[in-house]
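A short write-up of the structure that comes next.
The values are calculated or read from the model by the stated rules, or taken from the named source; none is laboratory data. Remember, it's a predicted structure, so these values are computed and weren't measured experimentally. Note that we place each Cβ from the backbone using ideal geometry, even for glycine, and neighbour counts take in every protein chain shown.
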Amino acid sequence: MAENSNNNGKPVLELRKLCRHFGGLKAVHLVDLQLKEHALNGLIGPNGSGKTTIFNVITGIYEPTEGEVVFDGQSIGGLDPYVINQMGIARTFQNIRLFPNLTVLDNVRIAYHPHAGYGMRDAVTHNGLFELKERELTDRAQEFLAVFSLQDRQGEIAKNLPYGEQRRLEIARALASSPRILLLDEPAAGMNPYEVVQLMDLIHFIRDKFTLTVLLIEHQMRVVMGICEHITVMDFGEVIARGNPKEVQDNPRVVEAYLGLGAAELTKKYLKEKKR
Amino acid sequence: MKRIKPSTLLFVAASIAVFAIVQVLFNTGILNAFWSGIIRLAAVMAMVSLGLNLIYGFNGQFSLGQFGFYAIGAYTAADITYRWEQLHSALGLTVVLAAGVLMGLAILLVRKIVVKLRGLDTLSAFAMYLVGVILAAIVAVWIGNLLAQPATSLFAILPEKISQTIIFFLAILLGGLIAAEASFIFGLPIFTLGSDYFGIATLGFTIIIKVLLDNSDTMLGFEEMKGARGMIGIPKITTWFWVFFFLFATIVVIRNLLNSSFGRAIISVREDETAATAMGIDVAYYKNITFVIGSLFAGLAGGLYAHINGFLHPNSFSFIKSFDPLIIVVFGGLGSVTGTVAASFGWALVLEGVLRLVLPDGFETWRFVVYPVLLLVMMLLKPNGLFGNFEIPFIRSVVPPLKKELQTKGGDASKENA
């Protein structure tokens with residue numbers, strides 16, 4: 001709701017004791033997570049720790065086994081993905097999922113479909129309302145592409161774009177569905193260092209421009225530590241640490257999860273020596 | 001005032017020219033009755049295949065049920081005109097009209113209830129729709145019987161030609177409507193199935209329809225349909241004008257639909273279901289609506305087909321036949337409207353026309369050897385179909401130019417790709 005949007009203290013999305021089990025496998029177990037309005041949140045953890053599963057539960061691809069997903073004071077666990085998207089949660093995918101045989105412009109225009117503003121009757125007859133709304137929709141889509149400097153590519157088939165541009169297009173498409181929360185699943189995967197820097201700037205920029213709350217999964221610590229204000233660390237489906245980047249880096253359990261048992265001791269020793 | 005695009009003008013002009021030329025050829029007798037039948041059949045097949053292309057080529061749902069809906073449309077329309085021509089009664093028209101309208105209303109009503117009761121599982125929703133439609137049908141038979149007498153006397157007042165045309169036109173539309181409603185009900189439970197299983201379920205539907213038609217006189221009680229002996233005595237009133245009119249309308253409707261936000265939503269389901277649903281597209285709804293629209297065209301085509309030869313036989317709708325539109329669609333190019341229309345005419349002219357004449361007596365069945373061989377060669381040389389995804393300018397979707405303020409100085413790429 002609009003009244004809440006300026007309330008910085010209140011979480012816009014909250015996971016309460018969220019569980020997602022696949023048979024005996026506890027992919028996500030008793031996870032609590034709060035996303036504050038307008039914050040950049042990071043979700044990290046070794047491979048298989050349940051990060052993407054959390055995304056899938058939030059966006060409705062999986063139903064939660066137990067627990068609740070609360071968006072804006074409303075429980076959304078188990079709703080259809082398209083309903084959740086229309087409520088204001090958009091995502092990108094770990095392995096890019098564009099509409100490969102459509103043009104760049106159409107990829108973005110599809111995300112606008114729920115806001116198209118004309119009915120099927122107008123579409124079939126191509127009447128005045130259709131022309132007007134379609135023009136409006138196209139203008140907005142093209143402006144979006146311009147934000148991601150993809151406007152010169154609008155006529156190209158999506159699958160022919162280079163990798164970095166496909167990533168950008170996917171983010172553009174997610175934003176076009178006018179979300180309040182943006183979930184980014186490894187946005188920097190496969191990007192070169194230069195593109196990563198650009199991406200970090202871009203995430204900051206869109207967060208401010210579209211007043212978004214961002215939650216991102218990322219393996220490149222440079223990105224996570226560079227832009228996230230709040231980080232949650234997972235291992236084996238459970239949250240093992242949370243806090244700002246500094247706190248998380250110093251947390252022995254995090255070091256252990258990433259580098260193995262005993263690594264924490266070594267790090268402590270190293271840090272002590274460094275202090276001397 | 002809206003500016004009319006040159007491509008639209010060109011398309012309309014070309015269509016009128018084609019219509020006029022073929023009409024003149026018929027009238028002067030250069031094309032005899034045999035070829036006239038073939039060409040009308042080609043146009044009808046183009047409608048069926050366009051419907052299938054919408055379902056399979058654009059929405060990505062592999063369906064073999066197209067001929068089932070074609071059969072529903074054909075028998076529905078034929079029954080209406082048969083009763084008028086042979087029995088001089090508008091009973092068929094009034095009952096089917098009432099059924100079409102009431103069943104449609106019932107579906108809309110149940111849909112409102114289902115949307116309100118969020119989270120209803122598919123099978124209970126299906127049961128509710130089914131009950132609603134059956135109740136509507138029962139009421140419709142009663143209302144239709146009441147209205148039959150007045151309607152008959154009303155049509156009897158009009159000149160014979162006019163009343164026949166009105167009843168024919170309504171019969172075609174009602175055939176399409178009933179087919180669309182049947183596809184909606186049938187589609188509900190089976191859209192939970194994945195792609196290949198969906199194909200098998202729709203194949204099952206075609207077989208059910210064929211068996212019902214085989215026994216339509218005994219099981220269903222429609223004696224005039226004469227079951228497996230074939231229905232005769234249907235007036236032969238599908239002229240070139242009518243098939244052309246409906247084909248033209250079909251192409252325009254499909255083109256307009258595809259070049260809109262709804263069309264893009266339909267195509268997005270084919271491209272990536274997960275991504276589409278994550279982008280706010282109600283995938284189940286779009287699968288269902290596409291199936292209904294595709295079946296509507298099949299039903300309309302069925303009605304036209306019934307009145308070409310004046311004869312319907314359940315064997316024309318057997319499941320082997322139901323591969324015809326599928327092959328046409330694949331041959332012409334999945335997702336190409338132009339290709340589908342071209343392939344339909346090719347199919348009818350070559351297979352039903354030329355080969356029948358060229359092959360010596362007794363070798364007519366050899367065309368079903370030539371046909372698969374053609375298909376094999378085709379698949380090896382051009383696996384995307386004859387036209388790939390080529391479209392004529394009228395149908396093609398155009399990437400709109402960028403506004404001035406968005407254009408970058410080095411924006412040559414956009415010009416190249418536009």
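I need the full set of residues from region A:115-124 which are within 7 Å of chain B (Cβ to nearest Cβ) and either assigned to a helix (DSSP H, G or I) or more than 19 Å from A:Ala174 (Cα to Cα) (or both), in order please.
Listed by number, the residues that qualify are A:Met120, A:Ala123, A:Val124.
Mind listing just one residue for me: the one in region B:219-238 that is assigned to a loop (DSSP other than H, G, I, E, B) and without any contact (Cβ under 8 Å) to a residue 60 or more places away in the chain and, of those, nearest to B:Asn309 (Cα to Cα)?
B:Lys226
Among the residues of region B:1-23, count how many are assigned to a helix (DSSP H, G or I) and over 19 Å from B:Gly353 (Cβ atoms).
Residues in region B:1-23 being assigned to a helix (DSSP H, G or I) and over 19 Å from B:Gly353 (Cβ atoms): 14 in total.
Of the conditions (1) at the interface with another protein chain (Cβ under 7 Å from one of its Cβ atoms); (2) closer than 24 Å to A:Glu218 by Cβ, A:Thr103 fails just one. Which one is it?
Among (1) at the interface with another protein chain (Cβ under 7 Å from one of its Cβ atoms); (2) closer than 24 Å to A:Glu218 by Cβ, the lone unmet condition for A:Thr103 is (2).
Just one of A:Val233, A:Val224 is in contact (Cβ under 8 Å) with a residue 24 or more places away in the chain and assigned to a strand (DSSP E or B); which is it?
A:Val233
Looking at the structure I just gave you, is A:Leu271 modelled with pLDDT of 90 or more and at negative phi?
no
Just one of (1) of a type in the set (S, T, N, Q); (2) in contact (Cβ under 8 Å) with a residue 40 or more places away in the chain; (3) part of a helix (DSSP H, G or I) trips up B:Gln149, so point out which.
Result: B:Gln149 fails condition (2) only.
Quick one: A:Leu98 ticks every box in (1) crowded, with 24+ Cβ neighbours inside 10 Å; (2) aliphatic (A, V, I, L, M); (3) within 12 Å of chain B (Cβ to nearest Cβ) except a single one, so which number is it?
(1)
Condition (residue is surrounded by fewer than 21 Cβ atoms within 10 Å (Cβ to Cβ) and among the β-branched types (Val, Ile, Thr)) applied to region B:293-307: is it met by at least one residue?
No - not one qualifying residue is present in region B:293-307.
To keep it simple, each residue is scored yes or no on (1) in contact (Cβ under 8 Å) with a residue 60 or more places away in the chain; (2) part of a helix (DSSP H, G or I); (3) buried (at least 21 other Cβ atoms within 10 Å of the Cβ).
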site	(1), (2), (3)
B:Gly187	yes, yes, yes
B:Thr192	yes, no, no
B:Gly204	no, yes, no
B:Ile207	yes, yes, no
B:Leu212	no, yes, no
B:Asp217	no, no, no
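For the subset of region A:155-183 comprising residues that are assigned to a loop (DSSP other than H, G, I, E, B) and facing chain B (nearest Cβ under 10 Å), which member is surrounded by the most Cβ atoms within 10 Å (Cβ to Cβ)?
Top of the filtered list is A:Ser177.
Enumerate the pairs (first residue in region B:1-30 and surrounded by 12 or more Cβ atoms within 10 Å (Cβ to Cβ); second residue anywhere and small (Gly, Ala, Ser) and in a helix (DSSP H, G or I)) with beta-carbon separation below 7 Å, excluding pairs fewer than 6 apart on the same chain, so at least 6 apart or on different chains.
B:Phe26/B:Ser36
Only residues that are touching a Leu at 6+ places or on another chain (Cβ under 9 Å), within 14 Å of chain B (Cβ to nearest Cβ) and not polar (S, T, N, Q): list them for region A:48-62, please.
A:Phe55, A:Val57, A:Ile58, A:Gly60
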